[in-house]
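Peer 1: For reference, the structure I am asking about is given below.
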Amino acid sequence: MKIILLFPLAFILTSVNSCHKNELNHGENKVIRLDEKSARLVEADNTFGVELFQKIREESSEENLMVSPLSISIALAMAYNGADGATKTEMENVLKLNGLSADNINASYKMFIRALQSLDEEVALEIANAIFYAEGFSVKKSFVSVNEATYGAEISELNFGSPTAVESINNWVAEKTHDKIQTIIDQLNPMDRMVLLNAVYFYGTWTNKFDEQGTHNLPFHKTDGTTKQVPMMSKLENLPYTSNNLFSAIKMPYGNGQYNMVVLLPALENNSQDVIDELSSANWESWMKNFEMTERVRVTMPRFKYAFKTELNKVLQIMGMQNAFNPDAADFSGITDDELFISSAIHKSYIDVNETGTEAAAVTGMTFSTTSMGTEPPTVPFYVNKPFVYAIIEKDTGAILFIGEVKNPEYN
């Protein structure tokens with residue numbers, strides 16, 4: 001089974017519909033209004049996130065995967081503040097930041113991060129950043145200052161030669177992800193000088209929960225043609241729904257409706273890879289505009305829980321960010337006068353989707369090293385019994401926070 005999880009990264013702050021108050025009854029919602037530069041940043045992040053997800057799907061043999069474009073983009077934006085020359089240009093190209101100045105990028109992210117975390121009192125969305133550097137390593141004040149002021153980065157100097165350094169870094173990860181991700185690094189090598197981290201944590205309860213008494217073991221048809229029995233949740237709800245030749249899809253709201261999970265169920269003759277192949281920022285934006293509120297949608301879908309880990313070095317280099325990982329070519333002179341390169345870029349994620357709601361977390365860690373889901377009335381069936389694509393999004397902007405794929409739903 002394939003599932004694509006997309007958490008929208010962008011916020012388009014225009015007026016919001018009343019969110020069908022007869023459905024949600026949560027009062028007036030907050031909205032985010034983006035200026036031109038911030039809107040361009042959101043578009044850039046979604047474009048980067050979709051391309052990154054496609055590349056990771058190509059490289060990974062895991063049945064179920066999920067990444068957080070939001071987490072990765074923020075971590076790279078922090079590193080970007082220390083890049084120069086060809087390294088900086090390559091990062092701009094990969095992150096689709098062309099035409100935006102560093103000041104534009106930082107100001108837009110600062111607003112974006114604040115808005116995301118205060119949008120819905122019934123949904124927890126926490127974003128944290130940190131920079132840990134080795135004792136005696138000279139880090140430029142300008143790099144530290146901009147990441148503290150813009151991203152709220154916690155700055156800590158550690159003895160990288162002590163085992164407690166790894167423990168301190170992993171403790172930060174566990175704390176910021178509410179223990180859903182326990183570690184991001186296993187060791188620090190003698191040439192390692194800095195570890196840059198981003199963590200994103202999400203907890204949202206469905207606006208209308210699934211009834212646990214309605215969950216039953218039902219068949220799920222895997223990509224390889226085999227079938228397995230999995231716990232299938234079920235509920236009848238009025239939901240935004242769309243369908244085309246490629247897939248049918250629903251949006252299921254959390255809390256007051258600002259955040260939604262988008263589930264993309266491939267059409268009968270298609271599979272989830274067909275949907276992934278058609279993913280693009282333009283297609284995603286077009287698809288999101290085609291949803292219409294539909295009465296009595298019978299949602300039947302598996303609950304699932306899994307973790308995923310991927311190394312980003314190879315994927316980012318394939319996308320064009322090569323110099324940053326090359327000890328002989330990297331230019332991070334905005335961080336230090338020492339020769340520095342990214343020796344490791346790790347991304348870990350966790351997702352739990354059940355009758356109550358969704359809990360998700362992601363961490364991106366970059367190590368810098370030196371070189372020296374009827375009857376009557378009719379219902380709309382939405383029976384997720386084969387690989388599918390899903391996303392969690394912010395309603396107004398369609399920003400992608402997480403993107404994942406599930407071929408084999410499990411809930412252990």
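Peer 1: Here are the criteria: (1) of a type in the set (V, I, T); (2) outside any strand (DSSP E or B); (3) surrounded by fewer than 18 Cβ atoms within 10 Å (Cβ to Cβ). Tell me which single one T205 does not satisfy.
Peer 2: Of (1) of a type in the set (V, I, T); (2) outside any strand (DSSP E or B); (3) surrounded by fewer than 18 Cβ atoms within 10 Å (Cβ to Cβ), only one is false for T205: (2).
Peer 1: Provide a single number: the residues in the range 259-302 that are surrounded by fewer than 16 Cβ atoms within 10 Å (Cβ to Cβ), under 19 Å from K395 (Cβ atoms) and of a type in the set (S, T, N, Q).
Peer 2: So the count comes out to 3.
Peer 1: Would you kindly identify the helices (runs of 4 or more DSSP H) lying entirely within the range 1-86 that contain at least 1 residues that are more than 15 Å from N260 (Cβ to Cβ) and modelled with pLDDT under 70?
Peer 2: 21-24
Peer 1: If you don't mind, another one. Against the conditions (1) touching a helix residue (DSSP H, G or I) at 6+ places or on another chain (Cβ under 7 Å); (2) modelled with pLDDT of 95 or more; (3) in a strand (DSSP E or B), where does V389 fall short? Just the number, please.
Peer 2: So V389 meets the others, but not (2).
Peer 1: May I pose another question? So which strands (runs of 3 or more DSSP E) stay within the range 233-344 end to end and still have 3 or more residues that are over 20 Å from I56 (Cα atoms) and in contact with a strand residue (DSSP E or B) (Cβ under 9 Å, 6 or more places away or on another chain)?
Peer 2: Of the strands (runs of 3 or more DSSP E) lying wholly inside the range 233-344, those with at least 3 residues that are over 20 Å from I56 (Cα atoms) and in contact with a strand residue (DSSP E or B) (Cβ under 9 Å, 6 or more places away or on another chain) span 247-254, 259-266, 292-302.
Peer 1: Residue check: is K305 surrounded by fewer than 20 Cβ atoms within 10 Å (Cβ to Cβ) and within 30 Å of N170 (Cβ to Cβ)?
Peer 2: Here the answer is yes, as K305 does meet what is asked.
Peer 1: Looking for whichever is assigned to a helix (DSSP H, G or I) and either modelled with pLDDT of 95 or more or of a type in the set (D, E, K, R) (or both) here; the options are S156, S142, S108. Which one fits?
Peer 2: S142
Peer 1: Take the range 286-305 and flag every residue that is more than 30 Å from E410 (Cα to Cα) and either among the basic types (K, R) or under 21 Å from the mean Cα position of the chain (by Cα) (or both).
Peer 2: Those that are more than 30 Å from E410 (Cα to Cα) and either among the basic types (K, R) or under 21 Å from the mean Cα position of the chain (by Cα) (or both): S286, K289.
Peer 1: Kindly indicate which of A361, A324, A330, A399 is of a type in the set (A, V, I, L, M, F, W, C) and farther than 25 Å from N93 by Cβ.
Peer 2: A361
Peer 1: Have a look at F210, F220 and point out the one that is in a strand (DSSP E or B) and among the hydrophobic types (A, V, I, L, M, F, W, C).
Peer 2: F220
Peer 1: Would you mind telling me which numbered condition in (1) more than 26 Å from the chain's Cα centre (by Cα); (2) modelled with pLDDT of 95 or more; (3) at positive phi R193 fails?
Peer 2: (3)
The values are calculated or read from the model by the stated rules, or taken from the named source; none is laboratory data. The model shown is predicted, which means the values in this text are computed figures rather than measured ones. Please note: Cβ atoms are built from the backbone with ideal geometry, for glycine as well, and neighbour counts cover all protein chains shown.
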